[in-house]
Each structure stands twice: as structure tokens, then as C-alpha cells.
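Asks: A single structure is presented below for examination.
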Amino acid sequence: MTVMETTSTPADICASAPSAHPRPEGQDRYTISEVAAFTGLTAHTLRWYERIGLMPHVDRSHTGQRRFSNRDLDWLAFVTKLRLTGMPVAHMVRYAELIREGDHTFEERQELLEATRRDVRTRIAELQDTLAVLDYKIDFYAGARRAPEGPGA
């Protein structure tokens with residue numbers, strides 16, 4: 001069973017429409033090295049995600065090798081976006097737990113995402129302020145180079 005095989009809706013899998021997959025449904029069994037290459041995550045990170053409950057229920061082959069699906073790739077794409085927001089890993093694990101618990105956790109999931117959105121908006125405002133300072137300093141140095149040198153120049 002993959003991480004998202006619950007009563008939850010497909011919208012829980014990713015932030016937007018899933019990206020194109022390397023293989024069509026039904027032929028979507030990826031090794032950990034293939035997933036690492038496709039996602040940019042390391043095999044170590046993928047194993048860690050599984051160990052902490054962020055990527056649970058990864059199918060295994062008869063030899064015990066992990067076999068990831070397109071749904072797993074979609075989930076990893078969403079988790080990667082959550083990491084970019086700065087959401088703590090513990091909150092991401094909690095979000096994954098809530099999904100597994102079922103649809104009755106929609107409100108708590110929404111609250112987690114809204115708190116993350118507030119944090120992201122705060123960071124964006126801070127970065128915009130920082131960018132304004134950088135732009136000011138760059139303009140200052142560009143103007144200083146164009147200024148005439150010495151008196152009467």
C-alpha cells in the first residue's frame with residue numbers, strides 16, 4: 001500500500017496537478033535509485049522519510065527492495081514543496097499521519113497548512129525588504145561609478 005491509499009482525496013497528494021510521470025499507471029514501479037534520480041532526493045533521505053513515517057507503506061518486491069509508485073512520486077513532490085516552505089519535519093510527519101487517519105482530519109490539516117502559509121508570507125515580506133536594501137546598495141554603487149571624478153570634472 002502506498003502512503004496515500006486511504007479515504008483521502010487525491011488533492012491531498014500534491015500542491016497542484018501532478019507532474020508528468022516517467023511511467024504510466026500500472027507500470028509505475030521505481031527503485032530507490034530511480035526515485036532519487038527523478039526527485040533529486042538521496043536514497044538516504046528517502047529511507048529516512050520512510051523510517052520517520054513521512055513516507056510509510058512503500059511497497060517491496062519479493063526480495064525486499066523498495067518499489068515506489070507514481071502516487072509516491074506525487075507525495076514526494078508535495079513533501080519537497082513543504083520543505084521549501086520551512087515547515088518543520090515534525091509538522092510534515094504529523095500532516096502525513098493526519099492523512100492516514102482519514103477525512104475527519106481535514107480541519108487539522110488545513111490549520112497546519114494555513115500556519116505554514118502565514119510563515120511563508122512573513123518570510124516573503126522579510127525577503128522583499130532585504131531585496132529593497134540590496135537594490136538600494138546596488139544603485140548606490142552604480143551611481144558612484146558614474147559620478148564625475150574630482151572638482152570641475
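Asks: Which residue pairs have Cβ atoms under 9 Å apart, sit 6 or more places apart or on different chains, and have a first residue in segment 86-104 that is more than 29 Å from Leu127 (Cβ to Cβ) and a second that is open to solvent by 70 Å² or more (accessible area, probe 1.4 Å) and among the hydrophobic types (A, V, I, L, M, F, W, C)?
Replies: Here the result reads Leu98/Phe106, each pair linking segment 86-104 to a residue that is open to solvent by 70 Å² or more (accessible area, probe 1.4 Å) and among the hydrophobic types (A, V, I, L, M, F, W, C).
Asks: May I pose another question? Could you tell me whether segment 122-139 includes any residue that is at pLDDT 95 or above, within 29 Å of Asp72 (Cβ to Cβ) and within 18 Å of the chain's Cα centre (by Cα)?
Replies: Checked segment 122-139: at least one residue is at pLDDT 95 or above, within 29 Å of Asp72 (Cβ to Cβ) and within 18 Å of the chain's Cα centre (by Cα).
Asks: Can you tell me which residues in segment 22-77 are part of a loop (DSSP other than H, G, I, E, B) and open to solvent by less than 60 Å² (accessible area, probe 1.4 Å)?
Replies: Asp28, Thr31, Leu41, Gly53, Leu54, Met55, Pro56, Val58, Ser61, Gly64, Ser69
Asks: If you go through segment 78-110 one residue at a time, how many are farther than 22 Å from Tyr49 by Cβ and surrounded by 12 or more Cβ atoms within 10 Å (Cβ to Cβ)?
Replies: Filtering segment 78-110 down to residues farther than 22 Å from Tyr49 by Cβ leaves 103-104, 106-107, 110.
With the extra rule that they be surrounded by 12 or more Cβ atoms within 10 Å (Cβ to Cβ), the set shrinks to 103, 106.
Summing the residues that are farther than 22 Å from Tyr49 by Cβ and surrounded by 12 or more Cβ atoms within 10 Å (Cβ to Cβ) in segment 78-110 gives 2.
Asks: Looking at segment 133-151, I want the residues that are exposed (fewer than 10 other Cβ atoms within 10 Å of the Cβ) and have a partner that is modelled with pLDDT under 95 with Cβ atoms under 9 Å, at least 6 apart or on another chain. Which pairs are those?
Replies: Taking only residues 6 or more apart or on different chains, not a single pair turns up.
Asks: State yes or no: is Glu108 touching a helix residue (DSSP H, G or I) at 6+ places or on another chain (Cβ under 7 Å), of a type outside the set (Val, Ile, Thr), assigned to a helix (DSSP H, G or I) and more than 28 Å from Thr42 (Cα to Cα)? Spell out the reasoning first.
Replies: On the way: touching a helix residue (DSSP H, G or I) at 6+ places or on another chain (Cβ under 7 Å): yes; of a type outside the set (Val, Ile, Thr): yes; assigned to a helix (DSSP H, G or I): yes; more than 28 Å from Thr42 (Cα to Cα): yes.
Spelling it out, Glu108 is indeed touching a helix residue (DSSP H, G or I) at 6+ places or on another chain (Cβ under 7 Å), of a type outside the set (Val, Ile, Thr), assigned to a helix (DSSP H, G or I) and more than 28 Å from Thr42 (Cα to Cα).
Asks: Identify all residues within segment 111-122 that are open to solvent by less than 80 Å² (accessible area, probe 1.4 Å) and farther than 16 Å from Leu84 by Cβ; write none if there are none.
Replies: Pass one, segment 111-122, residues open to solvent by less than 80 Å² (accessible area, probe 1.4 Å): 112-116, 120, 122.
Result: Glu114, single match.
Asks: Is there a residue in segment 80-95 that is under 15 Å from the mean Cα position of the chain (by Cα), more than 30 Å from Pro24 (Cβ to Cβ), of a type in the set (A, V, I, L, M) and not in a helix (DSSP H, G or I)?
Replies: yes
Asks: Mind checking which pairs have a first residue in segment 11-34 that is at pLDDT below 85 and a second that is open to solvent by 80 Å² or more (accessible area, probe 1.4 Å) and of a type outside the set (D, E, K, R), Cβ under 8 Å, 6 or more apart or different chains?
Replies: Pro22/Phe38
The values are calculated or read from the model by the stated rules, or taken from the named source; none is laboratory data. As the structure is a computational prediction, the values presented were derived from the model and not from experiment. Reconstructed Cβ throughout: ideal geometry from the backbone, glycine too, with neighbour counts over all protein chains shown. These area figures cover heavy atoms from the full protein model, side chains too; ligands, DNA and RNA do not enter into them. Shrake-Rupley method; radii C 1.70, N 1.55, O 1.52, S 1.80 Å.
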